[in-house]
Amino acid sequence: MSMRAYQLEGFDSAPRIVDVPRPTPGTGEVLVQVRTSSVNPLDANIAAGRARRYKEYVFPAILGSDFCGVVAETGPGVTELSVGDRVFGLVHGNTVHTGSFAEFLAVPQDQLTVVPAAVDDLTAGALGLAGVTAAACLDAVRVGDGDTLLVVGGSGGVGSFATRFAAAQGVRVIATARPGHEENHVLRLGAAETVDWSAQDVALTVRGKHPDGVTAVIDLIDRDPAAFTPLVVGTLAPGGRAASTLRAADSQALGGIPAVNVRPKVDPKVLRRLAELAEHSLRDSPVTAVYDFDRIGEAFAALAAGSVGKLALRIST
Ligand SMILES: NC(=O)c1ccc[n+]([C@@H]2O[C@H](COP(=O)([O-])OP(=O)(O)OC[C@H]3O[C@@H](n4cnc5c(N)ncnc54)[C@H](OP(=O)(O)O)[C@@H]3O)[C@@H](O)[C@H]2O)c1
């Protein structure tokens, strides 16, 4: 039996939707009929071949990280999932070969978990990479009720989940966002304040409104310690903590301020916890646009042009 998949055949070609054989689940694997997915900056880097510095490509390679779907078959050794279960997860690893931009996906059982009933398919399909990363950032900065958190890059995928999860825990979130669509989006997700990163100096603006500093900073934008360090030093209260998703936290430059370069781990425990966070906070979904599978190229173009929240893909019904 065949299926449609978004496949990259080599570094000298662009990915396209082709018919390929439907995979068979191996030992410890689950065959998922993929309903929804989403596009991440990582997927764009992989599709353009830019990830070859840190991932091994085995061609032909089906692209895609995030997925939500229904268990269609279980391989030998799978005991905790059954045909018909609604699941979400994240294809990850050092090799680019099997991905979620396909009608079916054979995936190790430790890369997925059951979707809570309260979370819809589009939200669950957008949750994988950005949700796991947002949860890891929040763990790194250890915020709780009554804390103040600055999220730089708050309007994007990871920032939307971080904002929503933190706000649901009683954290006062300051999210960067341009006026209009971006600002409305982060306010809808529970941000208490916004900073227009395109027109204001973020650190100065935040310090102006919070003279004692904020409890925590999550920076999803700065790649250089030369930008991350002054942002953190300029905004963080004594005893506060910071996190970077782009390896910009340099402990020497920060002179003792606790800051973590977040590298999210994916295992069943992490996914189950993410499912719980989603169940309690994602009635307001970060998904802002939905593309049918045939329009996946448009989803990538929209991501590259600048997007708000998560761009979801509808793979099959
Ligand atoms: N360490 C890891 O494992 C890991 C995991 C996931 C993601 N990441 C990285 O984390 C970053 C965020 O990921 P994402 O999925 O959230 O990306 P995204 O969805 O593209 O979001 C980025 C957001 O930041 C906004 N933005 C652009 N320049 C900004 C600036 N100077 N200040 C404040 N906001 C700005 C963008 O607005 P416009 O679109 O309007 O420009 C967009 O809304 C990416 O670089 C990604 O590669 C790392």
Listed residues Val290, Val78, Val186, most fluctuating in the chain (Gaussian network, C-alpha, under 10 Å): Val78
Fraction of beta bridges assigned by DSSP in the chain that are antiparallel (%, nearest 5): 55 percent
Paired Rg and Dmax values of segment 130-261, which use every Cα atom, in angstrom: 12.9, 38
Ala237-Ser2 pseudo-label distance in nm [points 7 Å out on the Cα-to-Cβ vector]: 6.2 nm
Helix runs (DSSP H) in the chain reaching 20 Å along axis by Cα, Kyte-Doolittle at least 0.0: 121-141
Exposed chymotrypsin sites (Phe, Trp or Tyr not before Pro) absent - longest run of the chain, DSSP non-H/G/I/E/B, at most 11 other C-beta within 10 Å: 55-317
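How long is the gain from Gln252 to Asp19 if the chain were fully straight, where each residue apart is worth 0.36 nm and the alpha carbon distance is subtracted? Don't skip to the end; give the middle numbers.
Working: separation 233, 0.36 × 233 = 83.88 nm, distance 5.14 nm.
Working it through step by step, the gained length comes to 78.7 nm.
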For Val195, distant residues with modelled amide H under 5 Å away: Ala175, Thr176, Ala177
Relative contact order of the chain, pairs being alpha-carbon contacts under 8 Å that are 6 or more residues apart, as %: 19 percent
Label-to-label distance, nm, for residues given as Arg273 and Ala301 (7 Å Cα→Cβ offset): 4.0 nm
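What FRET efficiency do you get for Phe11 and Arg188 if R0 is 45 Å and r is their Cβ-Cβ distance, rounded to the nearest 0.05? Spell out each step's value before the answer.
Working: r = 40 Å, r/R0 = 0.89.
So the FRET efficiency works out to roughly 0.65.
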Histogram of C-alpha separations across the chain, 20 Å bin width, %: 34, 55, 11, 0
Estimated vicinal HN-Hα couplings, Hz - segment 210-215 in sequence order (Karplus 6.51, -1.76, 1.60; Gly, Pro = x): 10, x, 8, x, 9, 6
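A short reminder: the numbers here are calculations on the coordinates, not readings from a lab. Since we're looking at a predicted model, the values are computed, not measured. All Cβ positions, glycine included, derive from the backbone under ideal geometry; neighbour counts span all protein chains shown.
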